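Working notes, beginning with the structure itself.
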Amino acid sequence: MDLKEFYEDKKFVHSRIPIVRAAAISVFLILMVGIWNLQLLRNKHYVELAERNRIRSTPLAAPRGKILDRNGQILVDNRPSFTLVVMRDNLPSIENSLDLLATGLKLDKGFLQSQFEKYRNLPSYLPIILKEDINKEDLSFIKSHRLELPGLEEITFPRRSYPERQLAAHLLGYVGEISEKQLASEEFDYSKPGDIVGKAGVERVYNQILTGIDGQKKVVVDSRGKEVAVLDSVEPVVGNDLRLTIDLDIQRAAERAFGDKAGAAIALDPRTGEILALVSRPAFDPNSFASRISKKEWDELINDPKNPMQNRAIQSRFPPGSVFKIFMTIAGLQEGILTADYTDYCTGSTVMYGRVFHCMKKEGHGRVNLNQAIVHSCNVFFYHLGQKLGIDKIAYYAQGMGLGQKTGVDLPGEDTGLMPSSAWKKRVLKADWYAGETISVAIGQGYVSLTPIQTARAFGGLALGGILKTPHTVSYDELGHWRQKPKAEIETRFELNEETVETVTRGLWGVVNEWGTGHRAAVPGFDVCGKTGTSQVVAKDVKISAESKDEFGDNAWFVGFAPRLSAEIAAAVFVEHGGHGGDAAAPIVHEMFQVYYDKKTKSKEPHQLSMTQEEGLPRVN
Amino acid sequence: MFGKLSFYIKDFDWFIFLLALSIAVVGVVEIHSATQYNKGDRFYVKQIYWIILGLIMMVVAMSIDYHTLVENVPYFYVVAVLALISVLIMGHRVSGSKSWISVGGTSAGQPSEFVKIAVVLALARFLCEIRTEYLTAGEILKGSCIVGLPVFLVLLQPDLGSALTFVPIAMVGFFLAGLKPKWIVLFAILSVLVVGLGWYNLKVYQKERIYTFLEPERDPLGAGYHSIQSKIAVGSGGLWGKGIGEGSQTKLGFLPERHTDFIFSVVAEELGFLGAATVLCLYFFIVTRSINIALTARDKLGIYIVLGAVSVILFHILINIGMVVGFMPITGIPLPLLSYGGSSILSTFIFLGLIINVRMRRYVY
């Protein structure tokens, strides 16, 4: 067949070619419209999308300010830490290596699986956090397994560090990721989700001062989320350093003196209300909150029967025992029932309202004047005084000295304590006050229970003649520097007669310096005044703590101030089940006062410091 | 001999040759740009080799009188069908379908690209032998079988996209030979039925592609990703483009299959609307030039060959660029002359060679 030889009429086919041409033209027109629409009409929109694809901003967390003691020593610091994350685009290969990851990083495989599961529904640019605060071993493991485990990355993050660990843990508090509740509150209106904020103590109260301004890094990433270049970065602004009124040396002395006993200690300057030391035991280590604390660890802390999270200095109330006798004395003197030469007779016990009330000394103190009653803590003397005063007068003066009320300290969760009165009993217990109950209150038992901080403030206030300065951890100067105002009134006044102050102070001096119950608190040359207290453990407590022999012991108190004539430091120490106040609590106050006194005398003689430093070396000058 | 050479120089279509070469050069530049951060294969160098080989094939395809080629078309057709069958038996899978033949362990190409050439020639021969205006039912059936056998074999791979590229050959061929309106209506009804029935036989990934085409944002990181990223690349190119090698979508790897199926996205992103429109115009000139060649062809056979080749090239352009700008679903159909790939480059140059072949023999000597 020779195809060339056909006679053909091409007219018909030719007539159809223009239609093919029209079809071709319309194809090109459609496509032209397509690129016109995308590139010219909607260019802006797509440029934005392309930028969003390309550019990722990551926050650079600002380190919080340091927390310093009154002399500038560091209490809370920051340290850089590495968090190990995995970029999600490399998931499949890494998910097959979970065993290697688990053994290499000493992690639970189940935890890893749940972590991968948790992130499955979250946006893919969020890296999965595998391990926080990784150590050198982890780092070298990652470096040596880069090829098998693609997508692993270390992110630096400033982490809160508490170099003194449990020291002043309750006062300093701890930090954590902001909670929903905190976010909703006005207090944290400057925070955003994911922020690390103070959760307790000073960290929380002064969060705003301590918080820095987060920076931001704009980076170019590729489609796998890998950082290709840094476009722009705004460096974070470190938070302000906050100077506390705490004196690290006094704090250390108190912590050391406490040993492993439970209880609380607080020392403050009665002239200003500045807190010099605050101890609560048992304590916790705030470092463990600095990284995401595990649920198990948290539950252990919260459910610990010893309650290590409780700040016993301000959040717990205890029967004051004989410490309360000082407030009885104040009431008696102010009311004119007592005078300096008033005497009573102690036979070792007394019968009142058909019940026998015992003194501490079985054989009795014999004839005692007011001073002897305080120095030797004679119960019978105060039973009779209590009967004469009646509960409501006692309550009036005790409340005047700030008992049963919050002090207004700048720490969260302060307890009121309880100073009972007949009106209180009617209101709360819906019952009348029995006169017999006054007798228990007279020696600091029964309903009365106080927080260590209000007791310390009251003693300091007594020394100043009735001026009760509000305790605080940040000086008003420092607060002013950060343009903040104190949240509470700076003082309350409850004027006491000069003779009252003189007489009570004389008694308190005797307790320490005349071989009274508190002689172990004495600091030679410093005229320490104070009162011991020993309160019986309430019967209901016995059941809970039956496991430990310790916990049957009496609670020990010592509250005092020094020096006698112009008080500079006041302190309250409470030792749970410590036994007698004079044995368990007074030595702790002694330690704090001794350190204070040593520092004070040293600073007056500046040479002494250099002498001790150069001990054994011949002095040149 | 000298006369022969002057015939080549005088009647060779320099216009189409230069248009095609410019597109191919743009392709090489943009393939280089799209793969500059790839390790291993240097695709643009390979593409240059393919283009050189393609030009040689083009010269071969235009040198042998198309009448001679068509005389031998039964052999081509049988070889083509056997090649498709061999793909089904021993081809290896590339992204879900068996459409590649491997020789000695390396991919040697997609035979379906070359099968189209045989089908164009076979259909041209069949249609030019028909003397009457308008096709009869029997003729339509026979013609459909010529195209339908390879389509069926390609569908078995299964490669829906490639199978579809055969359809315009038949459509254009039948249309030129004359289709009565009732047949057009029948084809319309039939295609609706095929689409309906075919839906149930689609693989999950194929259905997914169609869903995603209709609404890419429903799965922006999954199946819709390609379409969205391609539109972002094209759209963000703007009027002037981001510059060669500067396309962020390309460079940072957001654009998938960027040196093959989505090469036009790269062009649009880096060269902007001006570049993309220029490339579109180059294609347009090739197509209109070819249609003019069909008008001046010596015989109906020439017309059928040229317009068969045009229909294949045009359909590829429509599907590929339509996909890039989001008008068409995602299919693995390359863009002639621009996409990286040996089979596509070679078959396109052979088609262009056939078109030039017809032009060179437009006069009866």
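The values are calculated or read from the model by the stated rules, or taken from the named source; none is laboratory data. Small disclaimer: the values here were computed from a predicted structure and weren't measured. Please note: Cβ atoms are built from the backbone with ideal geometry, for glycine as well, and neighbour counts cover all protein chains shown.
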Checklist entry - Is it the case that some residue within region A:56-67 is over 30 Å from A:TYR162 (Cβ atoms), within 14 Å of chain B (Cβ to nearest Cβ) and part of a helix (DSSP H, G or I)? => result no
Item to check | Residue in region A:225-237 that is in contact (Cβ under 8 Å) with a residue 12 or more places away in the chain, closer than 19 Å to A:ALA62 by Cβ, under 26 Å from the mean Cα position of the chain (by Cα) and buried (at least 17 other Cβ atoms within 10 Å of the Cβ) present | outcome: yes
Checklist entry - Which members of region A:562-582 meet the condition of being in a strand (DSSP E or B) and in contact with a Leu (Cβ under 8 Å, 6 or more places away or on another chain)? => result A:ILE569, A:ALA570, A:ALA571
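Residues are listed down the side, and each one gets a yes or a no for (1) on the phi < 0 side of the Ramachandran plot; (2) among the charged types (D, E, K, R); (3) not assigned by TED's automatic domain parsing to the domain that holds A:ALA562:
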| site | (1), (2), (3) |
| --- | --- |
| A:GLU235 | yes, yes, yes |
| A:PHE258 | yes, no, no |
| A:GLY263 | no, no, no |
| A:ASP269 | yes, yes, no |
| A:ILE275 | yes, no, no |
| A:VAL279 | yes, no, no |
| A:PHE284 | yes, no, no |
Item to check | Single residue of A:ASN90, A:ASN121 found to be of a type in the set (S, T, N, Q), surrounded by 14 or more Cβ atoms within 10 Å (Cβ to Cβ) and modelled with pLDDT under 80 | outcome: A:ASN90
Checklist entry - Taking the condition in contact with a Gly (Cβ under 7 Å, 6 or more places away or on another chain), outside any loop (DSSP other than H, G, I, E, B), modelled with pLDDT of 75 or more and more than 30 Å from A:HIS472 (Cβ to Cβ), does A:PHE141 pass? => result yes
Checklist entry - Out of all the residues in region A:442-487, which are buried (at least 24 other Cβ atoms within 10 Å of the Cβ) and of a type in the set (A, V, I, L, M, F, W, C)? => result A:ALA442, A:ILE443, A:VAL448, A:LEU450, A:ILE453, A:ALA456, A:ALA458, A:PHE459, A:LEU462, A:ALA463, A:LEU468, A:VAL474
Checklist entry - Somewhere in region A:200-218, is a residue in a strand (DSSP E or B) and of a type in the set (Lys, Arg)? => result yes
Checklist entry - When region A:371-380 is examined, which residues are found to be out of contact with any Cys (no Cβ under 6 Å at 6 or more places or on another chain) and crowded, with 24+ Cβ neighbours inside 10 Å? => result A:ALA373, A:ILE374, A:VAL375, A:SER377
Checklist outcome for this item: Listed by first then second residue, the pairs whose first member lies in region B:58-83 and is in contact (Cβ under 8 Å) with a residue 60 or more places away in the chain, whose partner is loosely packed, with under 15 Cβ neighbours inside 10 Å, with beta carbons under 7 Å and at least 6 positions apart or on separate chains, are B:HIS67/A:LYS4
Checklist entry - surrounded by fewer than 19 Cβ atoms within 10 Å (Cβ to Cβ) and within 24 Å of A:LYS600 (Cα to Cα), is that true of A:ARG256? => result yes
Next on the checklist: If I filter region A:530-561 down to residues being among the small types (Gly, Ala, Ser), touching an Asp or Glu at 6+ places or on another chain (Cβ under 9 Å) and in a strand (DSSP E or B), which single residue comes out as modelled with the highest pLDDT?
Outcome noted: A:ALA556
Checklist entry - Between residues in region A:330-358 that are assigned by TED's automatic domain parsing to the domain that holds A:GLN445 and without any contact (Cβ under 8 Å) to a residue 40 or more places away in the chain and residues that are in a loop (DSSP other than H, G, I, E, B) and among the basic types (Lys, Arg), which pairs lie under 7 Å by C-beta distance while being six or more apart or on different chains? => result A:GLY348/A:LYS361; A:GLY348/A:LYS362
Next on the checklist: Filter region A:348-366 down to the residues that are closer than 18 Å to A:LYS388 by Cβ and more than 44 Å from the chain's Cα centre (by Cα) and list them by number.
Outcome noted: A:THR350, A:VAL351, A:MET352, A:TYR353, A:ARG355
Item to check | Residue among B:ILE184, B:ILE232 that is assigned to a helix (DSSP H, G or I), modelled with pLDDT of 75 or more, out of contact with any Asp or Glu (no Cβ under 8 Å at 6 or more places or on another chain) and surrounded by fewer than 19 Cβ atoms within 10 Å (Cβ to Cβ) | outcome: B:ILE184
Next on the checklist: For a quick check of your reading of the model, give me the residue pairs whose first member lies in region A:421-443 and is on the phi < 0 side of the Ramachandran plot, whose second is among the aliphatic types (A, V, I, L, M) and loosely packed, with under 13 Cβ neighbours inside 10 Å, with beta-carbon atoms closer than 7 Å and at least 6 apart or on different chains.
Outcome noted: A:LYS425/A:ALA431
Checklist outcome for this item: Out of (1) crowded, with 17+ Cβ neighbours inside 10 Å; (2) among the aromatic types (Phe, Trp, Tyr); (3) closer than 30 Å to B:GLN157 by Cα, the one B:TYR75 does not meet is (1)
Checklist entry - Among B:ALA163, B:ALA188, which is the only one that is away from chain A (no Cβ under 14 Å), farther than 25 Å from B:PRO334 by Cα and hydrophobic (A, V, I, L, M, F, W, C)? => result B:ALA188
Checklist entry - Can you spot a residue in region A:160-182 that is polar (S, T, N, Q) and within 14 Å of chain B (Cβ to nearest Cβ)? => result no
Checklist entry - Has region B:244-263 got at least one residue that is more than 10 Å from chain A (Cβ to nearest Cβ), within 23 Å of B:LEU19 (Cβ to Cβ), part of a helix (DSSP H, G or I) and aliphatic (A, V, I, L, M)? => result yes
Checklist entry - Within region B:298-310, can one find any residue that is without any contact (Cβ under 8 Å) to a residue 60 or more places away in the chain and in a helix (DSSP H, G or I)? => result yes
Checklist entry - Residues in region B:294-314: is at least one within 8 Å of another protein chain (Cβ to nearest Cβ), farther than 23 Å from B:VAL147 by Cβ and surrounded by fewer than 24 Cβ atoms within 10 Å (Cβ to Cβ)? => result yes
Checklist entry - Mind checking whether some residue in region A:30-51 is more than 7 Å from every other protein chain (Cβ to nearest Cβ) and touching a Pro at 6+ places or on another chain (Cβ under 9 Å)? => result no
Item to check | Qualifying residues in region B:230-243 (those that are closer than 19 Å to A:VAL221 by Cβ and within 8 Å of another protein chain (Cβ to nearest Cβ)) - the one nearest to the chain's Cα centre (by Cα) | outcome: B:ALA233
